[in-house]
Amino acid sequence: MNYEVPFTLNGQPVQITVKATTTLLDALRDECHVTGPKKGCGTGDCGSCTVLLDGEPVNSCLVLAVTVRGKNVVTVEGLGDPEHLHPLQKAFHEHYASQCGFCTPGMLLVAKSFLDKNPNPTREEVQEAISGNLCRCTGYVKIIDAILAAAEAMR
Amino acid sequence: MRTTHYFAPESLDEALELLAEYGDRATILAGGTDVMVDMAMGRLKPEVILYIGNLPLNGIEERDGALFIGPTTKMATLARSPLVAEKAPVLAEAASKMGSPLVRNLATVGGNLVTASPAADTASALLGLGAEVRLSCTTGERWMPLEDFFTGPKECACEAPELLTEIRIPLSGGKRGSRFIKLGRRKAVTLSVVNVTVVLDFDDGACRQARIALGAVAPTPIRSRRAEALLTGQVVNDELIAEAAQAALSDISPIDDGRASAWYRRKVTAVLVARALKEAVA
């Protein structure tokens, strides 16, 4: 049984046709060909599939695509592009906060949504905000540095 | 391969009718943080998915001396609600420690209860708060104290065609001290090794009523009746706290599992009960 799901993706109205059991992650990658969100674990433990759903960061592997009908989904592709880097992307670049890049889309989106709510955070608050996003390369220090630098640039 | 059907009712009546029709062939989906994991691991292949996220079942309201919480209220909402922080702080604390910031934006308090893991953090907090739950179906509804709700590891009293539709927390008028402590293998994205909720209501310096809830140390979240009995009617001093912490050990039956050994759980339960009591009294 297939279901049609109209929703907004990175500011554009889209419509996909999926099975009831298709995750938002798989729908974004396979139907919408938006590959920013990654499949790291598929069980909501690593955060590499993070997207913003109506402004809140969630694990897209835990969301059924059919449930986002009428909702607003933002992936890293909606954050900025090489010609127009979001301040977070610029800061990640300048602070070497990305090595293999696998966790980076998720980190950027969590950071964006966090700074929207808390524009002047402490280091501990940033740590807590990204505690659902694993990074196997950087050891997190540069990521936190970058987020704090972006926060300052954005204030 | 069997195809899965999906329904997203917009009204509670519609949802209850669908539940009555499909019974246990329907998998209820709210936040998905348990259901989706089961599906990803191949443990669950639903025939029907009944999504309740569009129902007006989220919300936190104070009325008639109690806090009423809708079952699809997200953990993140509970964690940052000023009303919950003021009236039921242990629930805000437990909600803030569950899962990860991402998971908390999906996970619901009702779903956490119905999954009925003995380690569930908000289950422990709600048990300590003396909460009751309302179970509804097409033919009526009933209220049940949370003590009676958990029937075994990952088993609860809510089965099709019933839906958990409300949580009620009675509020205390008087002086209250409470604390929730979660011990995990790490600071985030971890199930509880042990969790403890302590809620003490005072009258004239003595403890009129004590509720001590413990998680991950028995087949279900439990209350420690022995520890509670020791504290009831007494002035809570350091000596009594130490006795109560030891008494709690007689109420638990921990097992060895992937997160900790029974031996360790025994040791740390006494430590955490004492610590929670000290901090609740302070």
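Each value in this text was obtained by applying a stated rule to the coordinates, not by laboratory testing. Just so it is clear, the model here is predicted, and its values are computed rather than measured. Because the Cβ atoms are built from the backbone with ideal geometry, glycine has one as well, and the counts that use them run over all protein chains shown.
Odds and ends about this structure:
- Mean separation of Cα pairs under 8 Å and 6 or more residues apart, divided by the residue count, gives chain B a relative contact order of 15 percent.
- In order along segment B:112-129, the Karplus-derived 3J(HN,Hα) couplings, from 6.51 cos²θ - 1.76 cosθ + 1.60 at θ = phi - 60°, round to 4, 5, 6, 5, 6, 5, x, 8, 4, 5, 6, 5, 4, 4, 5, 4, x, 8 Hz, and Gly and Pro are given as x.
- Listed residues B:Gly215, B:Gly184, B:Gly140, most fluctuating in chain B (Gaussian network, C-alpha, under 10 Å): B:Gly140
- Tensor-based shape of segment B:5-51 (alpha-carbon gyration tensor, a/c under 1.5 rounded, otherwise prolate or oblate): prolate
- Under 5 Å from the amide H of B:Thr190 lie the amide H atoms of B:Gly99, each residue being 5 or more positions distant or on a separate chain, with H modelled from the backbone and absent for Pro and chain starts.
- Put simply, the amide H of B:Leu67, placed in the peptide plane, has neighbours under 5 Å in B:Ile169, B:Leu171, leaving out anything fewer than 5 places away on its chain.
- Put simply, the amide H of B:Thr73, placed in the peptide plane, has neighbours under 5 Å in B:Gly59, B:Val109, B:Gly110, leaving out anything fewer than 5 places away on its chain.
- Highest-MSF residue in chain B out of B:Ala125, B:Ala116, B:Ala206 [GNM, Cα springs under 10 Å]: B:Ala206
- Pairwise label distance in nanometres, A:Asp116 with B:Glu159, each label 7 Å out on the Cα-Cβ vector: 4.3 nm
- Inter-label distance for B:Glu14 and B:Asp257, nm, one decimal - labels placed 7 Å from Cα along Cα-to-Cβ: 3.7 nm
- Cβ crowding within 10 Å ranks B:Ile212, A:Ile16 as A:Ile16, B:Ile212, fewest other Cβ atoms first.
- Take the Cβ atoms of B:Glu61 and B:Tyr264, set R0 to 60 Å, and the FRET efficiency comes out at 0.90.
- Anisotropy class of segment A:2-78 from Cα gyration tensor, a/c 1.5 cut: oblate
- Phi to ³J(HN,Hα) by Karplus 6.51 cos²θ - 1.76 cosθ + 1.60 over segment A:33-41, Hz, x for Gly, Pro: 6, 10, 9, x, x, 10, 9, x, 10
- Eigen-decomposition of the gyration tensor built on the alpha-carbon atoms of chain B gives equivalent ellipsoid semi-axes of 33, 21, 16 angstrom, largest listed first.
- Total formal charge among the other residues, if their Cβ is under 10 angstrom from that of B:Val37, Lys/Arg +1 and Asp/Glu -1: -2
- Ranked list, fewest to most other Cβ atoms within 10 Å of each Cβ, for A:Met1, B:Met36, A:Met107: A:Met1, B:Met36, A:Met107
- Lysine pair number, Cα distance threshold 30 Å (strictly under), chain A, separation 8 or more or different chains: 21
- Relative to the dominant Cα principal axis of chain A, helix A:104-117 is inclined by about 80°.
- Dividing the mean sequence gap of close Cα pairs (under 8 Å, 6+ apart) by how many residues segment A:2-78 holds gives a relative contact order of 39 percent.
- For trypsin sites (Lys or Arg not before Pro), the sites in segment A:43-137 that DSSP calls loop and that have at most 13 other Cβ atoms within 10 Å are A:Arg136.
- Förster radius 56 Å - calculated FRET efficiency between A:Glu56 and B:Val235 (Cβ-Cβ, nearest 0.05): 0.75
- At R0 = 22 Å, FRET efficiency that the Cβ-Cβ distance of A:Gln127 and B:Ala282 yields, to 0.05: 0.25
- Ellipticity at 222 nm from helices only: DSSP H runs of n ≥ 4 in the protein assembly as shown, each -39500 (n - 2.57), divided by the residue count, give -9000 deg cm²/dmol.
- DSSP-loop GluC sites (Glu not before Pro) across segment B:1-65, with at most 14 other Cβ within 10 angstrom: B:Glu10, B:Glu47
- Karplus-derived HN-Hα couplings along segment B:83-89 (A = 6.51, B = -1.76, C = 1.60, θ = phi - 60°), whole Hz, x at Gly and Pro: 5, 5, 4, 7, 9, 8, x
- Taking only the C-alpha atoms of segment A:36-155, Rg followed by Dmax gives 13.5, 39 Å.
- If the segment from B:Arg2 to B:Ala242 were pulled out straight at 0.36 nm per residue, it would be longer than the present Cα-Cα gap by 80.7 nm.
- Average beta carbon contacts from partner chains per residue of A:52-60, 10 Å cutoff: 4
- Share of Cα-Cα pairs in segment B:175-281 lying beyond 16 Å, as whole percent: 52 percent
- Computed over segment B:89-213, relative contact order equals 28 percent, with contacts defined as Cα pairs under 8 Å that lie 6+ residues apart.
- Rounded to two decimals, the Cα-based Rg/Rh of the protein assembly as shown, with Kirkwood Rh, is 0.99.
- Springs between Cα atoms under 10 Å define the GNM used for chain A, and in it the highest mean-square fluctuation of A:Asp54, A:Asp30, A:Asp45 occurs at A:Asp30.
- Acute angle (nearest 10 degrees) that the helix B:12-22 long axis makes with the longest principal axis of chain B, alpha-carbon atoms: 70 degrees
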